[in-house]
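Asker: Below: one structure in structure tokens.
None of the figures in this text is laboratory data; all of them are computed from the coordinates on show. All figures in this text were calculated on a predicted structure; none of them were measured in a lab. Please note: Cβ atoms are built from the backbone with ideal geometry, for glycine as well, and neighbour counts cover all protein chains shown.
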Amino acid sequence: MATVTIKSYLAPSKSDKIILFGLMRNFSCAVRFAYQMLVDGENPNDARKKLCAMYDLNSRYASDAVFRAEQVLRLLRTNGNGNDVNFSSALYSRGNRRAKGNLNLRFLCCEDGNLVLRVNISKRKWLYIPVVCVAKMDGSNRWDGFNWQLQRAKAIGEWFPYSVGLKMVHDMILCYVNVDEEYAPKDISLVRQQTFVEYFVCKTHRHEDYEIHEIEEQSEPLVV
């Protein structure tokens, strides 16, 4: 089973966009600080603890920031000098099967077949942001398979891990998902996920502003 990267865009309200940008900046600063600590020989576990306090991140975000810093450090040690490292505003969350696929950046299926991304912004507070998929011009669409995996997981309660990253591209928020690819069975009829062209060009679907919701959530799983 191959791991693939699936791209989409987020369509947040103005208020949600401001909050999300702030979180992305905090996370990027945490990655930058973690990178410097690792360069200075700091223990990764000590770095995680400092990041939680300094940047108001939960333990999973802090762990993922250290993970990204370690990736950058390994890459630079392999390929060259790291004096000009550029840490642009971005956000990343590794997959976790025990947290319904992903603790901090989790996809939720709507009854109309569209998806929203639930973004953890603080303790028991989330943003719910509409997701607009990017369909390939040749007609193939990996979102069908991912959407089917999500619907199946929701129905039977057996979740699968997927990692999610966010970054800015021309003042838009690109969302990419790394997941083990599966294809929807041919005899399964899926509610069709809205495409990028339909949302941003045809304007066939509009979303109301989403407020921050407070809902009950199971205790945070151990970071591994």
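Asker: Suppose R0 equals 35 Å. What FRET efficiency, 1/(1 + (r/R0)^6) with r the Cβ-Cβ distance, do Asn79 and Phe21 give to the nearest 0.05?
Answerer: 0.70
Asker: Using the Cα atoms as the points, what is the convex hull volume per residue of region 1-139 in Å³?
Answerer: Per residue, the Cα convex hull of region 1-139 comes to 175 Å³.
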